[in-house]
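Structure first, commentary second.
The values are calculated or read from the model by the stated rules, or taken from the named source; none is laboratory data. Remember, it's a predicted structure, so these values are computed and weren't measured experimentally. Methodologically, a virtual Cβ is constructed for each residue, glycine included, from the backbone with ideal geometry; neighbour enumeration extends over all protein chains shown. In case anyone asks, the SASA skips ligands and DNA or RNA and just uses the protein heavy atoms, side chains included. Shrake-Rupley method; radii C 1.70, N 1.55, O 1.52, S 1.80 Å.
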Amino acid sequence: RVVGTMLDLPADLLPGFHAWLADVFGILAPIDLKAEDVTTPDDQLVANYERLHSAYLTYTELLEDRRANPGDDLASALVTLTDEDGHPALSSDQVLAHMIGVTAAGTDTSANLIVNMVRFFTESPDQLQLVLDDPSLWDNAVNEGLRRSAIVQQLFRISTRDSELAGVKI
């Protein structure tokens, strides 16, 4: 709902958010995946892509409407952003990519954090009691939850210098 509000999406689109995100994540694969290792049935992949195409058309219509009738939402801000010469700063595809990125990042990562925090507090009810007794500890508790368990499993980093971590050369 928060992401939907930021983008000022019509309420009837919100239930489709999670399905569309599941489709996005469902077609992502490791960069080194071989075709013979794909286990998703073809008909399921086709259905994923068809739903994603429907989402694309929905978002495209939304952006066209925002261009014609901008509001005070993030989608409107993205489509009306201009460069120093007054030309659109972002193409429609770039705006769409940002909207999908915000949607994915704002829902999947938040859900993962919440699940992890529930698990951590279930395993350590004494820690839950500490933050309930002293709400000023919440920021630290959330940061500790983020440190203990990654909320994004496919984040790639490139080392900028040779180093060693736990006996492994990077």
> Using a Förster distance of 41 Å, how high is the FRET efficiency between Leu45 and Asn140, based on the Cβ-Cβ distance and rounded to 0.05?
Replying inline: 0.45
> Efficiency by 1/(1 + (r/R0)^6): what FRET value for Asp83 and Thr5, r their Cβ-Cβ distance, R0 = 35 Å, to the nearest 0.05?
Replying inline: 0.80
> Can you give the accessible area per residue of segment 65-170, in Å², using a 1.4 Å probe?
Replying inline: 73
>> If the only charges are +1 at each Lys and Arg Cβ and -1 at each Asp and Glu Cβ, what is the size of the charge dipole of the chain around the Cα centre, to the nearest 20 debye?
In response: 420
> Once you put a point 7 Å from the Cα of Ile170 and another 7 Å from the Cα of Glu123, both along the Cβ direction, what distance in nm separates them?
Replying inline: 2.2
> Considering only the other residues whose Cβ falls under 12 Å of the Cβ of Tyr59, what net charge follows from Lys and Arg at +1 and Asp and Glu at -1?
Replying inline: -3
>> Could you work out what % of the accessible surface of the chain is carbon and sulfur, using a 1.4 angstrom probe and leaving DNA, RNA and ligands out of the count?
In response: 57
> For semi-axes √(5λ) of the Cα gyration tensor in Å, the listed values are (i) 23, 17, 16; (ii) 33, 25, 20; (iii) 37, 17, 13; which was obtained by calculation from the structure presented?
Replying inline: (ii)
